[in-house]
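For reference, the structure discussed in these notes is given below.
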Amino acid sequence: MTKIMCKKDGVEAMLTTIGSYEYEPGVPLQNVPAFKCQKCKEFIFTPEQVGEMEAMTNKLKAHAEGEKK
């Protein structure tokens, strides 16, 4: 697996899971994989993780729209 480094601190980020994260405000995602800098504690997402969050957010928004009809 490729090492993910924090651009701010130059420290290796460790894979973790965020219990609840809003990629878009008002659309909470559960159990989101992310990398977390051990120094500054900021989360870092790979392009693949961003794509997965976008897809899940769109799916949840479409489902919510379907319920409104």
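The values are calculated or read from the model by the stated rules, or taken from the named source; none is laboratory data. No experiment lies behind these values; they were computed from the predicted model shown. Ideal geometry is used to build each Cβ from the backbone, glycine not excepted, and the neighbour counts take in all protein chains shown.
Could we say that residue 2 is β-branched (Val, Ile, Thr) and at pLDDT below 95 here? For residue 2, the condition - β-branched (Val, Ile, Thr) and at pLDDT below 95 - is met. Restricted to region 60-69, and to residues there that are surrounded by fewer than 11 Cβ atoms within 10 Å (Cβ to Cβ) and small (Gly, Ala, Ser), the residue that is farthest from residue 8 (Cα to Cα) is 66.
For region 17-59, a residue qualifies if it is assigned to a helix (DSSP H, G or I) and surrounded by 15 or more Cβ atoms within 10 Å (Cβ to Cβ), and the qualifying residues are 49, 52, 53, 56, 57.
Say whether the condition of being over 14 Å from the mean Cα position of the chain (by Cα) and touching a residue at least 12 places away in the same chain (Cβ under 8 Å) is met by at least one residue in region 40-51. Checked against the condition, which is being over 14 Å from the mean Cα position of the chain (by Cα) and touching a residue at least 12 places away in the same chain (Cβ under 8 Å), region 40-51 yields at least one hit.
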